[in-house]
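Here's the structure we're looking at; comments come further down.
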Amino acid sequence: MILVTGAGGAVGTALLGELRAGGHPVRAAYHSPAKTAEASANGIDAVTVDASDPATLAPALAGVDTVFLLGAMGSDQTTRERNVVETAKANGVERVVKLSVWRADEELTPIARLHRPVERALESSGLAWTFLRPNFYMQNFSRQFAASIRSNRAFAQPASRAPISFVDVRDIARVAARVLTSAGHDGVVYDITGPQALTYDEAAATLTEVLAEPVRFVELTDEQARAAMLQRGLPEFYADALIEVSRAYRDGGAETVTTTVRTLTDRDPVTFERFVRDHRASFA
Ligand SMILES: NC(=O)c1ccc[n+]([C@@H]2O[C@H](COP(=O)([O-])OP(=O)(O)OC[C@H]3O[C@@H](n4cnc5c(N)ncnc54)[C@H](OP(=O)(O)O)[C@@H]3O)[C@@H](O)[C@H]2O)c1
């Protein structure tokens, strides 16, 4: 039995679909009781958990061999994920596949510094572990930039000219599904990227071409970007973390393209153009 945490999020939803399509025994852990109810009504083995509260985790882990560990972004993310690791160990889980972040081991960014302590906890836990370290999600465009693309035909970010090998979360889910359902991944770190590295200007050019309407990338100063994020309702911690991430990769460091998706899923990773075509409705 595989427990998928973060099952209602971007990666979790896609992963649940992959595992169910493959006929694998899976339990979905949601935070929102409404999502649990909806999933249960659709015949999914679903539970509600709050990773901040270990008492809610133990029942979800009953009979589970393998955990897909995904922590929702937040200043207490490390604590929540460690709670899952400790409760998993105490409840007889054998293996944890942790969704981490690009270059987590270098702890360059606040987000890497949330993930790396959880990786360390797993390394010393006695549990079998695998780390998935994806680069920036293509879905950041459909989730964070889409409203602005729809209304202003533009998206604004802290200034950046460096290419990034954006990855589609559907590829992350396909990699995770393969790792969760096959042997030979213990103690392995997988760096996951899309098939090419694009600057934000190049991404805007692809959006322009596919949507057949001009879409611009607007460069902001860090201060302007921070103010805009706070105005959109992002918590201060999250806004500061995103600014530091863009600073860390402003002059490069997120452009490497890996073969992980091709090697583990036997198919080429989704291109940015394909991603935009598939999400046309959110941008149009
Ligand atoms: N965005 C990027 O470019 C990027 C790149 C690399 C790595 N990452 C990492 O990816 C992860 C986020 O993945 P995602 O975008 O798929 O997530 P997401 O869509 O934000 O979903 C997070 C899920 O966590 C659940 N959740 C929230 N609070 C919880 C709690 N207290 N206990 C248990 N579950 C809780 C939510 O459940 P409900 O749906 O039930 O409310 C939600 O489904 C982060 O760890 C981030 O660092 C992101």
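Any read-out appearing in this document is the output of simple, stated calculations on the displayed coordinates, not a laboratory observation. Remember, predicted model here, so these are calculated numbers, not experimental data. Neighbour counts are summed over all protein chains in view; Cβ atoms, including those assigned to glycine, are modelled from backbone coordinates with ideal geometry.
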For this session: Could you run the Debye sum over the Cα atoms of segment 1-98, one equal point scatterer each and no solvent, and tell me log10 of I(q)/I(0) at q = 0.14, 0.23 Å⁻¹, two decimals?
Result: -0.44, -1.26
Seminar exercise, completed: Farthest towards the positive end of the dipole of the chain, among GLY23, PHE237, THR193 and with Cβ unit charges of +1 on Lys and Arg and -1 on Asp and Glu, lies the Cα of GLY23
Problem set entry | Net dipole in debye of the chain [+1 Lys, Arg Cβ; -1 Asp, Glu Cβ; about Cα centre; nearest 20] | 460
For this session: Distance between Cα centroids, segment 125-173 to segment 15-71: provide it in whole Å.
Result: 24
Exercise. Taking only DSSP H segments of four or more residues, each worth -39500 (n - 2.57), what value at 222 nm results for the chain once the sum is divided by all its residues, to the nearest 500 deg cm²/dmol?
Worked result: -13500 deg cm²/dmol
Exercise. Which value, in debye to the nearest 20, gives the size of the charge dipole of segment 1-68 about its Cα centre, when Lys and Arg are +1 and Asp and Glu are -1 at the Cβ?
Worked result: 100
Exercise. In units of 2.2 N^0.38 Å, what is the alpha-carbon radius of gyration of segment 52-98?
Worked result: 1.06
Problem set entry | Distance histogram in 5 Å bins (all Cα pairs of segment 17-71, percent per bin) | 4, 18, 28, 29, 17, 4, 1
Problem set entry | Cut-off 18 Å, label 7 Å out along Cα→Cβ of SER124, residues of segment 67-85 by amide N | 78-85
Exercise. Which of LEU99, THR48, GLY63 sits farthest toward the positive end of the charge dipole of segment 36-134, with +1 on the Cβ of Lys and Arg and -1 on the Cβ of Asp and Glu?
Worked result: LEU99
Problem set entry | Rounded to 5, percent antiparallel among DSSP beta bridges of the chain | 5
Problem set entry | Kirkwood-type radius of the chain, with distances r between different C-alpha atoms, in Å | 19.5
For this session: Using packing as a proxy for protection, rank 63-71, 209-217 so that the peptide with the highest average count of other Cβ atoms within 10 Å comes first.
Result: 63-71, 209-217
Problem set entry | Cα Rg over Rh - segment 118-274, Kirkwood | 1.01
Exercise. Contour minus end-to-end for SER40 and THR263, with contour as 0.36 nm per residue of separation and end-to-end as the Cα-Cα distance?
Worked result: 76.9 nm
Seminar exercise, completed: Measuring from its Cα centre, segment 1-143 shows a charge dipole (+1 at each Lys and Arg Cβ, -1 at each Asp and Glu Cβ) which, in debye to the nearest 20, is 200
Exercise. For labels at ALA154 and GLU223 in the simple 7 Å Cα→Cβ model, what's the distance in nm?
Worked result: 1.9
Exercise. Computed FRET efficiency, Cβ-Cβ of MET1 and GLN144, R0 35 Å: what is it to the nearest 0.05?
Worked result: 0.55
Problem set entry | Mean separation of Cα contacts under 8 Å, 6 or more apart, over the residue count of the chain: relative contact order % | 18
Exercise. When the distances between all Cα atoms of segment 65-124 are binned every 10 Å from zero, what whole-number percent does each bin get?
Worked result: 24, 57, 18, 1
For this session: Taking 7 Å along the Cα-to-C-beta vector as the label spot, tell me the ARG161-GLU213 distance in nanometres, rounded to one decimal.
Result: 3.0
Exercise. Label points 7 Å out from Cα along the Cβ direction at ARG113 and SER52: separation in nm?
Worked result: 2.2
